[in-house]
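The values are calculated or read from the model by the stated rules, or taken from the named source; none is laboratory data. These figures come from a predicted structure and were not determined experimentally. No Cβ is skipped: glycine too gets one built from the backbone with ideal geometry, and neighbour counts run over all protein chains shown. Ligands, DNA and RNA are excluded from the accessible area calculation, which covers all protein heavy atoms including side chains. Shrake-Rupley method; radii C 1.70, N 1.55, O 1.52, S 1.80 Å.
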Amino acid sequence: MKFGSSQSVTREEDQRFLTGQGRYVDDIAPEGALHCYLLRSPVAHAEITELEVSAARDMSGVHLVVTAADLAAAGLANSIPFTVIDTEDGGKAAAPRRPILAEGRVRFVGEPVVFIVAETMAAARDAAELVVLDFDELEPKLDVALGGPEIHPEAPGNLCYSWGAGDKEAADRALADAAHVVAVTVEDNRIMCASMEPRAITAEMQGERLHVCENGQGVWTKKAEITAWLGMDPEDVLVTTPDVGGAFGMKTMRYPEHFLLSFAARELRQPVRWMADRTESMLSDNGGRDLTCTAELAFDANFKLTGYRLHTVSNVGAYVSGFAQIIQSRLFSHVFPGVYDVQAAYMNNKAVFTNTTQVDAYRGAGRPEAIYVLERAMDHAARVLGVDPMELRRRAFIAPGQMPYKTAAGELYDSGDFARAMDRAAREADTAGFDARRAESAAKGKLRGQGHETVYKQLLRDRLGLDLDQIEIVQGDSDQIAKGGGTGGSRSVTVQGSAIYATSDVLLDGLMPFAEEVIGAEGARFDPEEAVFRAPGSNTVVGLMELAERAEAEGRADLLVAQKEIRNAGRSFPNGCHIAEVEIDPETGLLTIERYTVTDDLGNLMNPMLVEGQIHGGIAQGAGQAMNERVVFDENGQLLTASFMDYGMPRAGDFPFFDFHSEPTETHTNMLGMKGCGEAGTIGAMAAVANAVQDALWPVGVRVADMPFTPHRVWQMIEEAKGSSGTDQG
């Protein structure tokens with residue numbers, strides 16, 4: 001088909017991105033905008049004893065200096081909205097107020113204390129040097145164990161919440177009745193989101209209207225909160241999002257800068273701009289992961305998984321997020337019991353406040369974290385039980401004949417053939433030849449073991465027959481788009497794509513009577529191949545664009561506007577199999593990924609090339625965490641990995657070529673038959689690389705290998721195993 005789906009079309013965005021024509025926040029800042037700077041806490045935990053800003057206010061070139069007291073004087077709440085979730089016992093989580101600017105106490109290195117606006121960034125920084133900030137340091141709380149120095153009086157023992165999901169009693173029975181029980185404790189290392197483009201915001205008054213431009217992942221929540229905070233009419237606030245250089249969930253969160261720049265623009269009646277530098281980002285961006293989980297798996301006599309129980313302790317940072325409820329409510333339903341047919345599953349997550357970062361972007365455990373833990377536990381069980389890891393999974397899979405399948409968490413899986421995807425991945429990875437490759441390594445002394453704009457245009461082209469250059473996509477504008485949830489959770493194509501399809505049908509249905517008038521025949525049909533309305537039984541046609549021009553000329557422009565709100569039948573559940581093959585030098589601990597194969601069931605693929613690119617990027621992110629990435633603090637809570645000189649970002653040389661294959665089963669939860677793909681690479685890569693490393697290190701006595709697998713850490717694991725008694729710890 002000329003306009004058919006599933007074509008690999010080059011991204012529309014690439015032309016401008018690769019030629020320096022992107023429109024990022026810093027590229028389109030209003031002319032003459034004042035520069036904003038935040039004086040941040042230099043310590044992790046302290047009581048503020050003195051804050052004097054008069055010298056900074058008097059400095060030439062400074063337009064505004066704001067403290068928590070100034071916000072109060074202006075009648076504005078010094079508080080960022082947050083969500084308080086229900087706890088396992090029916091109560092509520094701890095709910096300490098999260099200030100926009102610190103008052104009384106600072107709780108992490110990088111917490112904003114004073115907001116400065118000046119004519120130049122140099123002037124703003126110089127003014128910050130004149131601020132008198134004295135404090136009495138307090139002992140910081142850095143680990144995820146309960147107890148320690150109290151961060152909030154509202155949270156005794158630093159416990160934010162204890163949250164549970166699933167059927168605890170049923171999971172307890174499954175473990176009690178099991179023929180085999182395998183338990184393992186694994187850690188998920190803390191990481192930076194580290195987007196290419198740091199967070200950035202501009203704000204200006206356009207007459208009596210406030211325009212806020214930020215590189216976020218959605219405009220509607222930000223608009224609603226800024227409007228409410230400033231007490232403005234919703235019609236007087238515009239929020240837009242231009243091109244965004246990476247987000248990863250981190251940019252969908254709430255930050256003090258959204259509120260402060262909005263206030264400054266309205267107060268000064270001048271445009272203002274702010275963009276974080278890299279170290280500032282690493283100090284103030286919401287981080288991710290950082291949890292310890294004990295998994296207990298129950299198996300019957302035939303090694304079929306019958307149930308499991310997970311206990312997690314996670315780091316939520318210094319304050320409560322606005323997204324805790326959303327992520328926790330989806331956690332169990334999206335992940336557990338995963339692709340496994342089990343009688344019962346239960347998860348308990350204790351979330352602990354620490355003086356590390358302002359908020360954990362993933363609120364304990366999200367999809368990548370939870371799947372990582374479960375797949376690590378399944379691989380560990382296979383080794384302890386002496387079963388082939390693939391066979392152990394095969395015995396636990398939900399079979400295609402069981403679809404649609406209602407999980408122990410109450411979710412409905414409508415499609416999936418998990419064994420087929422795994423078998424395809426095994427063939428493509430040549431697992432049959434692995435023993436020979438392992439022997440070759442041993443002989444050498446080694447151990448072996450996003451493009452929304454394009455896709456949306458393709459969908460419209462498929463439905464309306466228009467050329468790509470005839471279609472303009474508008475995103476991230478609260479004026480032109482009435483409502484939405486923003487990007488995130490791999491929902492953009494399945495949700496927005498379905499809306500595009502449905503709205504296209506509304507447009508065509510509305511135009512059909514007018515088309516029949518023009519061609520003088522009833523029963524016309526629309527031909528998307530040629531983008532024409534065609535009379536039945538004849539060659540009489542009228543083109544879509546020609547019809548649009550006639551409608552406008554005849555005062556029928558109302559026919560050219562269509563809108564449709566839809567609700568998908570359910571969430572889509574992509575699945576797949578990742579197989580990593582690694583080689584380790586035991587003398588140095590150096591790890592290399594020799595082969596990487598992935599087979600995914602992502603449903604129908606609108607643009608296979610873009611999907612493969614998404615998977616490649618996701619694998620690099622997940623494997624990068626496994627190999628290099630780790631946020632490190634010293635004993636005082638100072639961030640030691642505060643630049644790319646110290647934080648181990650993955651590089652192209654760390655990876656082999658990725659071998660990607662598609663084994664789709666069509667979902668009926670949306671009209672496109674598509675499943676989300678944005679997180680698929682990351683989710684699979686973390687566990688695949690970690691399990692490959694564990695497999696390689698098992699023969700030398702390493703029973704639990706935790707990320708990141710830097711050469712020094714791997715070497716340490718090997719040396720510690722050599723020095724141990726050598727007993728099986730499984």
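Annotations
- Considering (1) part of a strand (DSSP E or B); (2) open to solvent by 20 Å² or more (accessible area, probe 1.4 Å); (3) polar (S, T, N, Q), the lone condition that Thr221 does not fulfil carries the number (1).
- Test: Phe259 is surrounded by 18 or more Cβ atoms within 10 Å (Cβ to Cβ), in contact with a helix residue (DSSP H, G or I) (Cβ under 9 Å, 6 or more places away or on another chain) and more than 30 Å from Glu629 (Cβ to Cβ): yes
- Only a single criterion out of (1) crowded, with 16+ Cβ neighbours inside 10 Å; (2) within 27 Å of the chain's Cα centre (by Cα) is not satisfied by Val387, namely (2).
- Lone qualifier among Gly166, Gly110 - being under 30 Å from Gly231 (Cβ atoms), surrounded by 20 or more Cβ atoms within 10 Å (Cβ to Cβ) and within 26 Å of the chain's Cα centre (by Cα): Gly110
- Top-ranked residue of the stretch 638-659 - restricted to ones that are open to solvent by 30 Å² or more (accessible area, probe 1.4 Å) and in a strand (DSSP E or B), ranked as nearest to Ile593 (Cα to Cα): Phe658
- When Ala692 is tested against (1) within 24 Å of Gly576 (Cβ to Cβ); (2) part of a loop (DSSP other than H, G, I, E, B), just one condition goes unmet, and that condition is (2).
- Of all residues in the stretch 73-107, exactly one satisfies the criterion of being polar (S, T, N, Q) and crowded, with 19+ Cβ neighbours inside 10 Å, namely Asn78.
- One residue alone among Pro574, Pro608, Pro536 is within 30 Å of Glu428 (Cβ to Cβ) and open to solvent by 50 Å² or more (accessible area, probe 1.4 Å), and that residue is Pro574.
- The stretch 202-257, subset hydrophobic (A, V, I, L, M, F, W, C) and in contact with a Cys (Cβ under 7 Å, 6 or more places away or on another chain), residue farthest from Ser284 (Cα to Cα): Phe248
- Count of the stretch 384-411 residues which are within 17 Å of Asn302 (Cβ to Cβ) and of a type in the set (Phe, Trp, Tyr): 1
- Scope the stretch 683-712; condition among the β-branched types (Val, Ile, Thr), under 22 Å from the mean Cα position of the chain (by Cα) and open to solvent by 10 Å² or more (accessible area, probe 1.4 Å); matching residues: Ile683
- Count of the stretch 438-470 residues which are at pLDDT 75 or above, open to solvent by less than 30 Å² (accessible area, probe 1.4 Å) and assigned to a loop (DSSP other than H, G, I, E, B): 3
- Some residue of the stretch 361-368 being at pLDDT 90 or above and open to solvent by less than 40 Å² (accessible area, probe 1.4 Å): no
- Residues within the stretch 267-313 that are in a loop (DSSP other than H, G, I, E, B), touching a Ser or Thr at 6+ places or on another chain (Cβ under 9 Å) and of a type outside the set (Gly, Ala, Ser), tallied: 6
- Test result for Val611, in a helix (DSSP H, G or I), farther than 30 Å from Arg438 by Cα and under 19 Å from the mean Cα position of the chain (by Cα): yes
- Test: Ala623 is part of a helix (DSSP H, G or I) and crowded, with 22+ Cβ neighbours inside 10 Å: yes
- Within the stretch 390-433, the set of residues being of a type in the set (Gly, Ala, Ser), within 29 Å of the chain's Cα centre (by Cα) and assigned to a helix (DSSP H, G or I) comprises Ala396, Ala419, Ala421, Ala425, Ala426, Ala429.
- Taking the stretch 274-297 as the range and being buried (at least 23 other Cβ atoms within 10 Å of the Cβ) and basic (Lys, Arg) as the test, only Arg289 passes.
- Counting residues in the stretch 551-565 that are touching a helix residue (DSSP H, G or I) at 6+ places or on another chain (Cβ under 8 Å), assigned to a helix (DSSP H, G or I) and either open to solvent by less than 20 Å² (accessible area, probe 1.4 Å) or under 30 Å from Lys444 (Cβ atoms) (or both) gives one or more.
- Unmet criterion (only one of (1) in a loop (DSSP other than H, G, I, E, B); (2) modelled with pLDDT of 85 or more; (3) over 30 Å from Lys168 (Cα atoms)) for Leu261: (1)
- Among the candidates Ala174, Ala194, Ala155, Ala178, the residue that is within 22 Å of the chain's Cα centre (by Cα), among the small types (Gly, Ala, Ser) and buried (at least 18 other Cβ atoms within 10 Å of the Cβ) is uniquely Ala194.
- The set of residues in the stretch 707-724 being assigned to a helix (DSSP H, G or I) and touching a helix residue (DSSP H, G or I) at 6+ places or on another chain (Cβ under 9 Å) consists of Val714, Met717, Ile718, Ala721, Lys722.
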